[in-house]
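Here's the structure, in structure tokens; my notes come after.
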Amino acid sequence: MMAAFIPQSPFAVKLGIVAEELDADEVRLLLPWNPANTTIGDMVHGGAIAALADVTVMAAAWAGADVPDDLRGVTTSMTVHYLAPARATDLVGVGRVLRRGKTLVNCDVDVVTPDGTAVATAIATYKVG
């Protein structure tokens, strides 16, 4: 379901976010380097990093969920910790489900460069259904 949704999401498309892996155990989304996503110089904007984390949370939450006829969902909370600047590089959001309740799904996300350098980490709760 996420493989079809992400390419049709106007915001994900605007940022260039694409799905690399959508397994129930782990999802990987790519935010390709784009100078339009910078804050100054070649530094990727923190909002773009947070947006990647948020879309990754959504993908992780739905990856192992039963898809209802009336698809609805929303991030109810998210905390992002920025660990290092990302300069002129693609970013990868790696998301996992920590706990899946009936409607609330707790997830964590690591945002890393392609070589594995940690840029940010997030923990979030997503409401499915």
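The values are calculated or read from the model by the stated rules, or taken from the named source; none is laboratory data. All values reported here derive from a predicted model rather than from experimental measurement. Neighbour counts run over all protein chains shown; Cβ positions are idealised from the backbone, glycine included.
Of note:
- Only one of 72, 28 that is of a type in the set (Lys, Arg) and surrounded by 12 or more Cβ atoms within 10 Å (Cβ to Cβ): 28
- Residue in region 42-62 that is of a type outside the set (Phe, Trp, Tyr), part of a loop (DSSP other than H, G, I, E, B) and over 15 Å from residue 113 (Cβ atoms) present: yes
- Selection count where residues are surrounded by 13 or more Cβ atoms within 10 Å (Cβ to Cβ) and either of a type in the set (A, V, I, L, M) or touching a Gly at 6+ places or on another chain (Cβ under 6 Å) (or both), scope region 1-23: 8
- Listed conditions (1) crowded, with 22+ Cβ neighbours inside 10 Å; (2) closer than 20 Å to residue 126 by Cα are all met by residue 44, apart from (2).
- When we screen 84, 124, 53 for residues that are closer than 19 Å to residue 11 by Cβ and in contact with a Ser or Thr (Cβ under 7 Å, 6 or more places away or on another chain), the only hit is 124.
- Residue in region 20-36 that is under 15 Å from the mean Cα position of the chain (by Cα), among the aliphatic types (A, V, I, L, M) and at pLDDT below 95 present: yes
- Hits in region 17-56 (condition: in contact with a helix residue (DSSP H, G or I) (Cβ under 7 Å, 6 or more places away or on another chain) and within 22 Å of residue 76 (Cβ to Cβ)): 17, 22, 24, 27, 29, 48, 51, 55
- Taken together, 123, 17, 40 contain a single residue that is hydrophobic (A, V, I, L, M, F, W, C) and free of Cβ contacts under 8 Å to residues at least 12 places away in the same chain, which is 40.
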